[in-house]
1. Amide H of Glu33 versus every other amide H placed in the peptide plane: which residues, excluding those fewer than 5 positions away on the same chain, fall under 5 Å?
2. Using DSSP loop states and a limit of at most 10 other Cβ atoms within 10 Å to flag GluC sites (Glu not before Pro), what is the longest stretch of the chain containing no flagged site?
3. Which whole-number value in Å³ per residue fits the convex hull of the alpha carbons of region 109-231?
4. How many Å³ per residue does the convex hull of the Cα positions in the chain occupy?
5. No solvent, one uniform scatterer per C-alpha: report log10 I(q)/I(0) for region 6-105 via the Debye equation at q = 0.25 1/Å, two decimals.
6. I need the calculated FRET efficiency for the pair Glu190 and Leu88, taking r as the beta carbon distance and R₀ as 41 Å, to the nearest 0.05.
7. For Lys55, go through the aspartates and glutamates and keep the ones whose alpha-carbon is under 12 Å away, minus same-chain ones fewer than eight residues off.
8. Check the straight Cα-Cα distances from Lys149 and name the aspartates and glutamates below 15 Å, setting aside those fewer than 8 residues away within the same chain.
Amino acid sequence: MGRENDRIDHLIGCIPTRSMPATLIASSGHHCEVWRSSGTVRRKGWRSPLDIVIKIPRQPLSAHEAKTLQREHGQLRKALGEIVPPALFVRTRIDGVESLVAMAPTVSRWFDLANPAHEAEAAPLLSQLPEARHALKRFVEQAELWYAKEDKVIDLYGLDNLVLDRNRQLRYIDSFGVFFYADLLHLVPEHDAALANRIALSRRRLAYLQHLLALCNERDNADAEPAARAAD
């Protein structure tokens, strides 16, 4: 749901928002709103295609917060590789206030894999996509490791955070606040119901992804049995 032929409605120090066409593609995220800009750029007489998303935080971010977000995204990239698209984080002024923007290549989303409503389609689909299935197994194992060792919950609360792109590759496309810290629920004096809900939903969706992998294994075993009987 976007606004066509629009402009980013913020003044951003490092981006010519007044002259750059952009479409608002996500405004319901907890951490940021997401704009997409596509077209061409001229460099030394050559025109190059440009298709990026620009993520703008809902609240100004301090230098310390900016470093934390960039470090977290770097941890994702190091552990999960190509599953996580690269992102450029830039400290700049947004509407006159020091903050941070993130820019990343646009991912052409094809299938929202973490949505349990799509289970009937997801399991057969993954069974036909061994590369995406292997990537999902890697993602789930790493997410569980972070939770067990560091009490960090990877953010699956937002819509379309974990998707298959049009090339049927697994992509985790969040950039801002990619982890929730479960230990904060016990450290703050008052119960944070909103944080507890985001953590609980992310954990349920991770359990659902484990369930999908188990369904794929069951399908594999069921397909292997007739072949084994025929061989006997």
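1. Those qualifying (amide H under 5 Å, at least 5 residues apart or on another chain) are Ile56, Arg58.
2. Between the exposed loop sites, the longest stretch runs 5-189.
3. Hull volume normalised by residue count: 115 Å³.
4. With only Cα atoms used, the chain gives 168 Å³ per residue.
5. -1.42
6. Using R0 = 41 Å, I get an efficiency of 0.65.
7. Leaving aside aspartates and glutamates fewer than 8 places away in the same chain, those within reach of Lys55 are Glu33, Asp174.
8. Those aspartates and glutamates meeting the cut-off are Glu141, Asp183.
Only the coordinates and a few stated rules stand behind these numbers; no lab work does. No experiment lies behind these values; they were computed from the predicted model shown. Backbone-built Cβ (ideal geometry, glycine too); neighbour counts: all protein chains shown.
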